[in-house]
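Let me begin by presenting the structure, written as C-alpha cells, before commenting on it.
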Amino acid sequence: MSTPPPGLELRPLPLPASADADDAGDFVEMVRVRNLVSTEISGHDDFHLTPHELLPAYAPGPHEHRMLWTVVLDGDIVGRIGVDIPLEEGSRVAYWLVELRRAVWGRGIGSAAYELVEHTARAHRRTVLQSWAQHPASDESRLPSPTGYGSVPRDHAARFYLRHGHSLEQVERVGALDLTDPGLPDHLDRLLQRATLAAEGYRVVQWELPTPPEFVDGYAWMKSRMVTDAPAAGLEFDEEAWDADRLRRHERFYLDARRRMLVTAAQHVDSGDIVAFNELVIGGDGTQATHQEDTLVLSEHRGHRLGMLVKCAALIAWRSVAPHSPRVVTINAEENRPMLDINEAIGFAPIAYEGGWKKVLSPGE
Ligand SMILES: CC(C)(COP(=O)(O)OP(=O)(O)OC[C@H]1O[C@@H](n2cnc3c(N)ncnc32)[C@H](O)[C@@H]1OP(=O)(O)O)[C@@H](O)C(=O)NCCC(=O)NCCS
C-alpha cells in the first residue's frame, strides 16, 4: 500500500459542549469541510448541515458509540473520518466514512484513514464494515448492483472501496421533488383523494416533534420495524428495540438541532394503532431542501395505499410548515419498487445514485 504524505495527521475530534463553545473551533471547521466535500461530489448543498445541526447527532447515548477524527494536512483540516459502533446486543457491525477535499485525493490519505477505520472496528470486535458513498454520473464503466437493480460507475470512490476489500451490496436512488412546480398542489390533492378512497378504515394523524404522548409507543414500534422491513440487500442491520426513552433521545437529535420534523401517520380506526408513517424534516431558516426521511407501512396493513396517503398528506401540510423550501430529497433502495412507484407518481425524479458497500473481516486478518 502507498505511503501517506508527510504532514498528515489523523486527530481524534473531541466534541465540544456546544457549537458556540470556546473549544468548538475544530468541530466547526470539520463541518465546513464536510459541507464542501458534499458540494464537490453532488454539485448542490441539499445535504449541508450547520455545526449546531450536526453536533446533537454525536451526543453520547446507550444505543451507539460514534467517533470522529479530523484529517489534517500541513495544519489544515482537509477531511474527516467517522466510525459508528451500534451497541445492540451481539452487533457485528461498524459503519464508517472517510470524506476528503477533492484537491487531496489520490495521495494515499484515504488509505491511511481507512487503516484507522479497520483498526477501530477490530478494537471494538466488529467484523462487518459498512459504508455509503454518492457516485455521481460519469462515463466510467459500470458496476452492477448484486440485487439486479441499478449500478454505480467504477469511479474513484468505487475503486477505493474495491481496493480495500469491499463489495457493492446495494444501489440507492437519491430522488428530488420540485416544490415550486405550480401544478404540484392540484396533483397532490388528486392523489390524496384517490388514496383516501382506498384507505377506508384508516385516518391520517399528524404532529411535529416532540411526539404527543398518545403516539409515542406506536411511533417507537414503527421505528423499530424500519430496519427489519426496509429492503437491505446484502447489508447487515441489527434489530433495534425502540421504547419511549429511545424515541425521546432520537427526537433530541432534531429538537436540539432546531430542525423541524413533521410526522404524518395512518391510524387504524378500529384498533387505534399507528400503522404507517412518513417524516419530513427541514433545518435552518426553512429555505433549504426538505428531507423525506423514514416512510413505512407495517406489512400487515399493506395494500390500502397507505404509503401514498401519508406521503401526500405530509406534502400538503408541508406547504404551511415550510412554504419556502424549494424541493424535497429522499433516498430509496433501487429495488424498492413499491416505494419508488409512489415517489414517481408524486413527481420525484432521480438526481443521483449511492452505493452501499460492505466488507467482512476474517477474525485473524
Ligand atoms: C474515496 C476517498 C476517501 C479516497 O481517498 P484517497 O485519498 O483519494 O485514496 P488513496 O489516495 O489512498 O487511494 C486512491 C488511489 O490513489 C492511489 N494513490 C495512493 N497513494 C498515492 C500517491 N502517493 N500518489 C499517487 N497515487 C496514489 C491509490 O493507489 C489509489 O489508486 P486506485 O484508484 O488505482 O485504487 C476520497 O476520494 C473521498 O473522500 N471521496 C469522497 C467521499 C467518499 O466517497 N468516501 C467514500 C468512503 S465513505
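The values are calculated or read from the model by the stated rules, or taken from the named source; none is laboratory data. Quantities reported herein were computed from a predicted structural model and do not represent experimental measurements. Reconstructed Cβ throughout: ideal geometry from the backbone, glycine too, with neighbour counts over all protein chains shown.
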Problem set entry | Test: residue in segment 149-168 that is within 16 Å of the ligand (Cβ to nearest atom), touching a Gly at 6+ places or on another chain (Cβ under 8 Å), closer than 27 Å to residue 339 by Cα and not small (Gly, Ala, Ser) | yes
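Can you tell me which residue is farthest from residue 100 (Cα to Cα) among those in segment 121-137 that are more than 14 Å from the ligand (Cβ to nearest atom) and modelled with pLDDT of 95 or more? Spell out how you get there, then give the answer.
To start, the set of residues in segment 121-137 that are more than 14 Å from the ligand (Cβ to nearest atom) comprises 122-128, 137.
Then drop every residue that is not modelled with pLDDT of 95 or more, which leaves 122-128.
Details: 122: 23, 123: 24, 124: 25, 125: 26, 126: 24, 127: 25, 128: 23 Å.
Taking the candidates together, the pick is 125.
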Exercise. Can you tell me which residues in segment 90-115 are part of a loop (DSSP other than H, G, I, E, B) and either aliphatic (A, V, I, L, M) or more than 10 Å from the ligand (Cβ to nearest atom) (or both)?
Worked result: 90, 91, 92
For this session: Read through the list (1) modelled with pLDDT of 95 or more; (2) out of contact with any strand residue (DSSP E or B) (no Cβ under 9 Å at 6 or more places or on another chain); (3) under 22 Å from residue 103 (Cβ atoms), then give the number of the only condition that residue 8 fails.
Result: (2)
Seminar exercise, completed: So, first residue within 14 Å of residue 180 (Cα to Cα) in segment 314-332, second residue basic (Lys, Arg) and assigned to a strand (DSSP E or B), Cβ within less than 9 Å, six or more apart or across chains; the pairs are 322/260
Seminar exercise, completed: Per the filter on segment 137-175, residues part of a strand (DSSP E or B) and closer than 22 Å to residue 330 by Cα are 144, 151, 152, 153, 168, 169, 170, 171, 172, 173, 174, 175
Seminar exercise, completed: residue 49 fails exactly one of (1) over 20 Å from the mean Cα position of the chain (by Cα); (2) buried (at least 17 other Cβ atoms within 10 Å of the Cβ); (3) in a loop (DSSP other than H, G, I, E, B), namely (1)
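Can you tell which of 262, 197, 191 is part of a helix (DSSP H, G or I), within 30 Å of residue 45 (Cβ to Cβ) and either at pLDDT below 95 or not assigned by TED's automatic domain parsing to the domain that holds residue 44 (or both)? Spell out the reasoning first.
Working: 262 fails: part of a helix (DSSP H, G or I); 197 fails: within 30 Å of residue 45 (Cβ to Cβ).
Exactly one of 262, 197, 191 is part of a helix (DSSP H, G or I), within 30 Å of residue 45 (Cβ to Cβ) and either at pLDDT below 95 or not assigned by TED's automatic domain parsing to the domain that holds residue 44 (or both), namely 191.
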For this session: Scan 21, 17 and give me the residue that is more than 14 Å from the ligand (Cβ to nearest atom), touching a Phe, Trp or Tyr at 6+ places or on another chain (Cβ under 9 Å), free of Cβ contacts under 8 Å to residues at least 40 places away in the same chain and farther than 26 Å from residue 112 by Cβ.
Result: 21
